[in-house]
Amino acid sequence: MLDVSSHDVLLVGGGGAGLRAAIAISEADAGLSVAIVSKVYPMRSHTVSAEGGAAGVIHPDDSLEEHIYDTISGGDWLCDQDAVETFVKEAPEELLRLEHWGCPWSRQEDGHIAVRPFGGMKKTRTWFAADKTGFHLLHTLFQTSLKFSAITRYDEYFVTRLLINDGCVQGVVAIELATGRIQAIIAKAVILCTGGCGRVFRFTTNASIKTGDGMALAYRAGAPLKDMEFVQYHPTGLPFTGILITEAARAEGGYLLNKEGYRYLQDYNLGTPQPKPVLRSMELGPRDRLSQAFVKEQEQGRTSEGLYGPVVYLDLRHLGEKVINARLPFVRELCLKYENIDPVKELIPVRPVVHYMMGGVHTDLNGATPLKGLYAAGEVACVSINGANRLGSNSLPELLVFGARAGRAAAAFAAGQQAPNRRQILAQALDEETRLHDQFLQKSGGRERISTLRDEMQTTMEKGAGIYRRGDLLTHTAGKLIELQERLGSVTLYDRSHVFNTELVSALELSFMLDVAECITHAALQRTESRGAHQRTDFPARNDERFLAHSLVYRQTDGRPRTEYLPVTITRWPPGERVYGR
């Protein structure tokens, strides 16, 4: 029997963006009923794993103009400049608000907020809480959300479909994981805050929950996905697990060494845009450039071969135990637990791993998508402030700034809406319940295994749509993904139970990931230039005349992607050469 509940505003995702949006809604209109639907308990959301910090202008030797320019140039001029200006202006306000709510930012000896340098930024402006910034940020938001009685949480509910009536998004269908019960949750507005899709790739810093759910939900409902070809690799992930060794380790003075013990980045045009000396700054070059340098070292035989592929080394030994314990305690803990390495005494093997999606659901400055009643914020969305390459420490304040803006906009929209037509909405929910049973729970005779399809998807994406791309490899990847989509129809679940059916969740996540993977590959194939994180060896130059534009990928009636382009918003900073280094 289908269960039904109703709220004014519904959030899908309970991480940083979702919690900030929920608080903003309740502060804007205490009379609105707010629902947070999350497939994990909110404190297990991936925001908790962010280590390095959050960028915001706070010191007198810094300026909003400099943060804006660093972000735009770091994004290779694909950022919408009005969005960047809004973001940079509101970021310090959000970080201070978090301070007032109890976030324990690290301090200087005189009591002022401590900041550290981060890659691609000329000034030191990254706030931090040791190297557990996301942990403390998420705790602060979660505890603050408990003050508002209008917020109802649906913890461990998996959303499978958006409900649309008369062109307006008016709720979702979700599975309660503990019981398998299908729930229709009706709302006047829906905000997607589900994070990224790093699990589309084999090696990633992303948690297993980051499977592109919100992106696929919006895409299937008719909203375009923007700039999906821009996939950020982080240069320092642990081999095999992909666990992130934060950029803060390099901000504190860590070195990257090749197998010969040489600081190879001095041979590349990678440092932050500042005068000599370059040796201190080169490890803090933009993430795309550092990851590309790794590939060049590998091609020249200067990486070491580990159990899980080639690696270079991160050296923190010269920092000393006192600094590491004070500033990088979580880095030391991760190395000890997952690699049996003590960075106080030993080198850390690292490799580039997928970290962040610059692309996502197309939104305006207030998180509104082209679908009426649907909003998005955080990594699932593309507003766009990150362009072709996100600068480290811009993502956490992005959650806050645009989570709050989306919350306020959705609250205003919902306050002016009539209650949804339950009859029409519930008919769609019943159709979805039937689909879930027929396609997965009651289906038999298929020969495909979820794990096999997932592994083939991740392997082909790593090879064909990784750090460096080529037209023929992207074409092969696109064909392989179509094949995997077809084979997904032959998957049979061995678990037919309703209580915590993780196999069903894995099948649904795989279907979402295949949709997102197709969008990434299609957009990458159409963009015949190299810009930021999108590097085409067959088209190595940036082409502003043709591609100073956002890609918008739409789902066609046959399920295949179609790409259009939208000009980048330029306000005051005309495109220039992206120059780093000496």
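Ranked highest first by the average count of other Cβ atoms within 10 Å around their residues, in what order do 121-132, 208-219, 89-100 fall?
The peptides rank, most packed first, as 208-219, 121-132, 89-100.
Counting DSSP beta bridges with both partners in the chain, what percentage is antiparallel, nearest 5?
60
I'd like the Karplus ³J(HN,Hα) series for segment 463-476: coefficients 6.51, -1.76, 1.60, θ = phi - 60°, whole numbers in Hz, and an x wherever there's a Gly or Pro.
Result, rounded to whole Hz: 6, x, 10, x, 5, 10, 10, 8, x, 5, 6, 5, 5, 5.
Can you pull the one-decimal nm distance between simple spin-label points at ILE570 and THR557, each 7 Å off the Cα toward Cβ?
Spacing of the two 7 Å Cα→Cβ label points: 3.9 nm.
Please work out the average accessible area per residue across the chain, using the 1.4 Å probe convention, and give it in Å².
36
Can you pull the one-decimal nm distance between simple spin-label points at ARG470 and ARG317, each 7 Å off the Cα toward Cβ?
Label at ARG470, label at ARG317, 3.8 nm between them.
Residues of segment 209-236 with backbone nitrogen within less than 17 Å of a virtual label 7 Å along the Cα-to-Cβ line of ASP364, please, listed as ranges.
223-224
So which aspartates and glutamates can LYS480 reach, going by Cα to Cα under 13 Å and dropping same-chain residues fewer than 8 places off?
Answer for LYS480, where 13 Å is the Cα cut-off: ASP455, GLU456, GLU462, ASP472, ASP515, GLU518, listed by chain and number.
Quick check on packing: order 291-297, 514-520, 538-544 by the mean number of other C-beta atoms within 10 Å, highest mean leading.
514-520, 291-297, 538-544
Using each residue's phi in segment 219-234, evaluate 6.51 cos²θ - 1.76 cosθ + 1.60 at θ = phi - 60° and report the 3J(HN,Hα) Karplus result to the nearest Hz, with x for Gly and Pro.
4, 5, 7, x, 7, x, 9, 10, 6, 6, 6, 9, 10, 8, 9, 8
At what distance in angstrom do the alpha carbon centres of segment 409-429 and segment 90-168 lie from each other?
So the two Cα centres are separated by 29 Å.
What nm value, rounded to one decimal, do you get for the distance between ARG447 and GLU109 when each label is placed 7 Å out toward the C-beta?
Those two pseudo-labels are separated by 7.2 nm.
With a 1.4 Å probe and every protein chain kept in, tell me what percent of the accessible surface of the chain is carbon plus sulfur.
50
The values are calculated or read from the model by the stated rules, or taken from the named source; none is laboratory data. Source: prediction; values computed, not measured. Note: ideal-geometry Cβ built from the backbone for every residue, glycine included; neighbour counts use all protein chains shown. Just the protein is used for accessible areas: all its heavy atoms, side chains included, with ligands, DNA and RNA removed. Shrake-Rupley method; radii C 1.70, N 1.55, O 1.52, S 1.80 Å.
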